[in-house]
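Engineer: Below is one structure. I have some questions about it.
The values are calculated or read from the model by the stated rules, or taken from the named source; none is laboratory data. All values derive from a computational prediction rather than experimental measurement. Because the Cβ atoms are built from the backbone with ideal geometry, glycine has one as well, and the counts that use them run over all protein chains shown.
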């Protein structure tokens, strides 16, 4: 597989899976049509001279393709109709070398991740009807809930507002001068408290609700993507970032409860928070602070 295992693309927007079942493109269309995913339904189409299965408009800018390529199946994002390949390539270059993605690129990359996981299951002979991400979706709308966090101007005490797409404040966050304790408040009442242990390497975080510690998580030392592992209410808790540290998947047990991506890194960080399981909405607010802290630490280490 080389340096990176492309069967688990982790936000790179491209995947390569060995075709152990000797699927044809028609086989792929038939198999994938029976699997529910979060980004649409497949159709047969083409990319240039190559026949391919397509998921159209997985975001405003991108389609997703999958096709047989020799002994492998390859999948990736391509520019949607009206979006040139040059534009798509420019987006990829910026995302790869500057650590920045817009929401369209992030959505497409995560769609590739989700599809790759489905393809691996199919190649392993598993009988699946729904992707893991789709099975995780437990909201009143049936779609991911979204809110945003933007850092306020630099001050002695860190402050963040988390707001919806209409700029209504959902959470207000204030940290102390040590930047070790954060109070996450909803409607003026503390919903979650986040604590970071002092002078601990690698860093450790504690999530507290109602005065009770319900989650503990610790950063792993890795040379590539940032990763944190721990427990939440007795279950395995896992935060995994992509190679650039700009996208994070949040998992409890085997299910993905949400996703956090950086929608802007120009002046102050702005994060988009996607909640797949509504019961974890408050927890996702705390996890956003953790991801922001991890990103800040990675930048300081690299500078």
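Engineer: Suppose we filter the stretch 249-275 for residues that are surrounded by fewer than 19 Cβ atoms within 10 Å (Cβ to Cβ), closer than 18 Å to residue 227 by Cα and modelled with pLDDT under 90; how many remain?
Structural biologist: Residues meeting the conditions: 2.
Engineer: Right, next: Name the pairs whose Cβ atoms lie under 9 Å apart, with the first residue in the stretch 25-37 and within 13 Å of residue 66 (Cα to Cα) and not assigned by TED's automatic domain parsing to the domain that holds residue 110, the second surrounded by 13 or more Cβ atoms within 10 Å (Cβ to Cβ) and at pLDDT below 95, and 6 or more positions between them or separate chains?
Structural biologist: Pairs found: none.
Engineer: To continue, here is another question. Do we find a residue being farther than 30 Å from residue 33 by Cβ, outside the structural domain of residue 276 (by TED's automatic domain parsing) and either at pLDDT 80 or above or not in a loop (DSSP other than H, G, I, E, B) (or both) anywhere in the stretch 98-106?
Structural biologist: Scanning the stretch 98-106, I find at least one residue that is farther than 30 Å from residue 33 by Cβ, outside the structural domain of residue 276 (by TED's automatic domain parsing) and either at pLDDT 80 or above or not in a loop (DSSP other than H, G, I, E, B) (or both), so the answer is yes.
Engineer: Follow-up. Does residue 168 qualify as being in the same structural domain as residue 39 (by TED's automatic domain parsing) and either at pLDDT 90 or above or surrounded by 15 or more Cβ atoms within 10 Å (Cβ to Cβ) (or both)?
Structural biologist: Judged against the criteria, residue 168 is not a match.
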